[in-house]
Amino acid sequence: FDNLTIEQASQTSDNTPKTVWQILNHLTIWQDYQLRLLRSEFVNQSINEIDTWTEGQSVLNQRLLDEKVNEFKRQIDSIKSEVNNFDKADVGHEIKIKIIQDLTLHLSFHLGEIISLRRTHRNYPWPSEMKEFLK
């Protein structure tokens, strides 16, 4: 998501009806829910995934996009922190591991989707270009 522009975040493709912007918003809503579960902030509340697809295809401005990217990054840092604080003696330890597994699979799927979409629009490097891109 570094240096993501409004144009890149809002591009559509014939292969998918979603944009990077929509996927990013979906991820932040989903990850917020998963973090609340990890922190045991609620137990019997669930989320309907359909309700997490709330944004239109286009982002309104760069500030809004940057704020959403920063929110995503803060969530990832929070997830890492939660994992680092796992205690095997904790009664809910196995449940938390399952939450992390679900979160990881979900995130991996959508990040792959974003990379594929961005590569289609030639604004993310191909594997052969990654070495140069990462310099």
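The values are calculated or read from the model by the stated rules, or taken from the named source; none is laboratory data. Predicted, not measured: the structure shown is a model, and the values here were computed from it. Cβ coordinates were reconstructed from backbone atoms using ideal geometry, including for glycine residues, and neighbour counts include every protein chain displayed.
In table form, for the structure just shown:
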| quantity | calculated |
| --- | --- |
| Residue 132 out of contact with any Pro (no Cβ under 9 Å at 6 or more places or on another chain) and among the acidic types (Asp, Glu) | no |
| Only one of 109, 72 that is touching a Leu at 6+ places or on another chain (Cβ under 7 Å), among the aromatic types (Phe, Trp, Tyr) and within 25 Å of residue 10 (Cα to Cα) | 72 |
| Some residue of the range 96-103 being within 12 Å of the chain's Cα centre (by Cα) and either over 21 Å from residue 2 (Cα atoms) or modelled with pLDDT of 90 or more (or both) | yes |
| Residue count for the range 21-38, restricted to those that are at pLDDT below 95 and either on the phi > 0 side of the Ramachandran plot or hydrophobic (A, V, I, L, M, F, W, C) (or both) | 5 |
